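Presented below is the structure to which this report refers.
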Amino acid sequence: MDVKLRVWRQGGAFGAGSFKEYSAAGISPEASFLEMLDIVNEELTAAGEEPIVFDHDCREGICGTCGLMINGQPHGPQQGTATCQLHMRKFSDGETIVIEPWRAAAFPVIKDLVVDRSAFDRIVEVGGFISVATGAAPDANLIPVPRDAAEASMDAAACIGCGACVAACPNSAGQLFTAAKHGHLSLLPQGQPERLQRAQAMVDVMEKFFGSCTNHAECETACPKGISIDYIAQLNKDYVKSQVANRNLAGQK
Amino acid sequence: MTATGSKTDSATTTRRPPPWPIRFYQSDVGKKYVMAITGIVGIGFIIFHMLGNLHTFEGTHQINEYAEGLRDIGEPIAPRTFLVWIGRIGLLASLVLHVHAAFSLTIANQKARGTVGYDEKRNYLAANYASRTMIWSGVIVLLFLAFHLADLTIGVKAVNPDFTRGEVYDNLIASLERWPVFLIYVIAQGALALHIWHGAWSLFQSVGINNPRFNHWRRNFATGLASILAIGYLTVPFGIMFGIIH
Ligand code: FES
């Protein structure tokens with residue numbers, strides 16, 4: 001199949017960017033989207049041009065490195081997958097595909113389609129941990145965890161930090177990412193001691209970089225892991241509690 | 001705790017943090033919480049007002065007496081009009097907070113989007129017309145509120161020349177018989193319904209009322225509430241236009 005590409009090209013963080021048109025001819029419908037870009041890049045390199053720079057690593061949907069805005073949809077037209085798991089069969093022959101980087105003030109473009117997502121690291125730094133007793137390894141399964149809670153925590157932990165939620169949000173809010181990171185620890189018994197402090201610290205840092213959640217729920221549909229906005233409600237509740245709860249009582253249960 | 005590389009480094013400022021309600025309101029999550037609570041206050045008023053309007057169908061005497069009765073609430077324990085004024089002050093405070101939070105969040109969100117936006121039209125799957133136009137439906141309702149108060153509460157002569165204090169029924173008909181005014185009321189009700197349809201769902205998320213067992217009811221609740229209110233309010237202008245109220 002043949003497709004036309006309209007790609008955002010930007011030389012560096014401080015340069016101005018613009019769209020450039022490319023054509024990709026003879027692409028197999030079974031090729032992945034990133035493989036199609038690889039083919040285009042090989043041709044560009046052979047022609048002595050700068051290849052299109054895009055982020056990728058595992059190419060199996062688990063690392064969260066890839067992430068492109070494809071035809072106005074984060075990670076493209078297929079729901080529940082990252083860009084690397086998208087295949088060309090989802091597009092039609094002769095189609096023009098518009099490829100843009102994630103857009104948000106907190107995600108500045110580094111080059112072409114690559115953005116700097118380190119704002120996410122700042123959020124994880126302040127709350128993405130639990131206190132554990134060091135020493136001899138405890139027996140496995142020593143702490144009982146209700147099954148539904150374990151599942152809910154695992155669902156939140158599926159977040160690969162790709163940034164599609166921010167890219168999708170009309171407010172560039174980082175709520176779904178933060179809520180997933182807060183949720184997967186705070187839903188488990190091991191995450192309780194820091195729970196309110198975690199909510200407060202993560203939200204405070206999040207708000208230094210990102211917009212606010214006005215409940216469009218667009219992030220949920222963009223998320224390659226289908227993480228639910230239910231976690232956002234839980235984060236909001238824990239944040240309110242962090243402001244009013246008597247923390248002297250936090251040891252009680 | 002301070003993040004390295006964040007835009008503002010709070011560790012360098014030694015000022016004592018403000019008291020918690022102010023600190024809470026300074027955060028975006030806190031502002032959304034306040035918007036939800038003040039929104040509930042507003043919805044409460046809007047329901048009460050809509051039910052009161054239905055007295056119009058009972059006739060001149062009943063609606064006028066109902067309006068007068070509002071001023072007597074709390075008598076003889078509280079002085080006349082005392083509770084009505086407490087209510088008005090509470091509503092005004094809620095409105096001010098709601099509007100302030102809305103505008104400051106809108107401005108902050110626009111900043112968070114950065115200077116370069118998407119070129120391709122966004123293909124929204126979940127965000128809907130109501131959720132993306134909250135600020136505009138809100139502005140329409142706010143402008144309508146100013147008009148409505150001038151028209152039927154205060155009786156500004158330029159807006160409603162035939163206004164007579166206390167004659168609720170006659171004032172209503174005199175104003176709504178004018179078709180531009182009728183249109184203003186209908187458009188405002190449309191904006192209000194859209195606003196409540198998103199708001200009454202959104203507030204559950206903002207205050208963190210979330211339980212997968214009941215979550216699907218939140219949408220239904222918002223749809224039901226918005227439609228009942230819209231229909232309830234529109235009965236009066238349409239009643240006047242079709243001569244049922246005369
Ligand atoms: S490259 Fe790892 S998730 Fe796509």
*What is the mean number of Cβ atoms from other protein chains located within 10 Å of the Cβ atom of each residue in peptide B:60-73, rounded to a whole number?*
0
_Share, in percent, of DSSP beta bridges within the protein assembly as shown that are antiparallel, nearest 5_ = 75
_Angle in degrees between helix A:147-157 and the longest Cα principal axis of chain A, rounded to the nearest 10_ = 40
_Quick check: with the 1.4 Å probe, what order do A:GLU194, A:GLU35 take by accessible area, largest first?_
A:GLU35, A:GLU194
*Would you work out if the range A:148-253 is rounded, prolate or oblate? Take a ≥ b ≥ c from the square roots of the eigenvalues of the alpha-carbon gyration tensor; rounded if a/c is under 1.5, else prolate when a/b is larger than b/c, oblate otherwise.*
oblate
*In degrees from 0 to 90, rounded to the nearest 10, what is the angle of the helix A:118-127 Cα long axis to the longest principal axis of chain A?*
10
*Counting only heavy atoms of protein chains, what accessible area per residue, in Å², does the range A:71-160 have with a probe of 1.4 Å?*
49
_What distance in nm separates the two pseudo spin-label positions at A:PHE14 and B:PHE214, each 7 Å out from Cα along the beta-carbon direction?_
5.6
*What shape does the range A:152-200 take by its C-alpha gyration tensor, where a ≥ b ≥ c are the square roots of the eigenvalues and a/c under 1.5 counts as rounded, a/b above b/c as prolate, and the rest as oblate?*
oblate
*Just tell me how shielded A:96-106 is by partners: mean number of partner chain Cβ atoms within 10 Å of each residue's Cβ, no decimals.*
4
*Computed over the Cα atoms, what is the radius of gyration of the range A:3-111 divided by 2.2 N^0.38 Å, N being its residue count?*
1.03
*Separation of the range A:93-170 and the range B:195-210 by C-alpha centroid, Å?*
25
*What ranking of A:CYS58, A:CYS223 comes out by heavy-atom accessible area, probe 1.4 Å, highest first?*
A:CYS58, A:CYS223
*If ligands, DNA and RNA are left out, what is the accessible area of A:ASP204 with a 1.4 Å probe, given in Å² to the nearest 10?*
40
*asked:* Just to make sure I understand: if all protein chains stay in place, what is the order of A:SER131, A:SER28 by accessible area at 1.4 Å, largest first?
replied: A:SER131, A:SER28
_Over the protein assembly as shown: helical MRE at 222 nm, DSSP H runs n ≥ 4 each giving -39500 (n - 2.57), nearest 500_ = -16000 deg cm²/dmol
*To the nearest 100 Å², how much accessible surface do chains A and B cover up together, summed over both, with a 1.4 Å probe?*
4300
*asked:* So, taking all protein chains as they sit and a 1.4 Å probe, how much accessible area belongs to B:TYR169, in Å² rounded to tens?
replied: 20
*Just tell me the longest site-free run in chain B, where the sites are trypsin sites (Lys or Arg not before Pro) in a DSSP loop having at most 14 other beta-carbon atoms within 10 Å.*
B:16-79
*Could you work out how far helix A:33-46 tilts from the main Cα principal axis of chain A, as a 0 to 90 degree angle to the nearest 10?*
50
*Might you work out the accessible area of A:VAL109 for me, using a 1.4 Å probe with all protein chains in place, and round it to the nearest 10 Å²?*
20
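Sort chain B into rounded, prolate or oblate with this rule: let a ≥ b ≥ c be the square roots of the eigenvalues of the Cα gyration tensor; rounded if a/c is under 1.5, and if a/c is not under 1.5, prolate when a/b is larger than b/c, oblate otherwise. Walk me through the intermediate numbers first.
Working: a/c = 2.15, a/b = 1.67, b/c = 1.29.
Prolate, since a/c reaches 1.5 and a/b exceeds b/c.
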_Shielding by other protein chains, A:67-73, mean Cβ within 10 Å_ = 3
*Gain in length, B:LEU125 to B:ILE89, computed as 0.36 nm per residue apart minus the alpha-carbon separation, to one decimal in nm?*
8.9 nm
*Please give the length that would be gained between B:ARG132 and B:THR223 if that part of the chain were fully extended, namely 0.36 nm times their separation in residues minus their C-alpha to C-alpha distance (nm, one decimal).*
31.1 nm
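The values are calculated or read from the model by the stated rules, or taken from the named source; none is laboratory data. Fair warning: this is a prediction, and the values are worked out from it, not measured in the lab. Heads up, the Cβs are rebuilt from the backbone with ideal geometry, glycines too, and the neighbour counts pull from every protein chain shown. Accessible surface areas use protein heavy atoms only, side chains included; no ligands, DNA or RNA. Shrake-Rupley method; radii C 1.70, N 1.55, O 1.52, S 1.80 Å.
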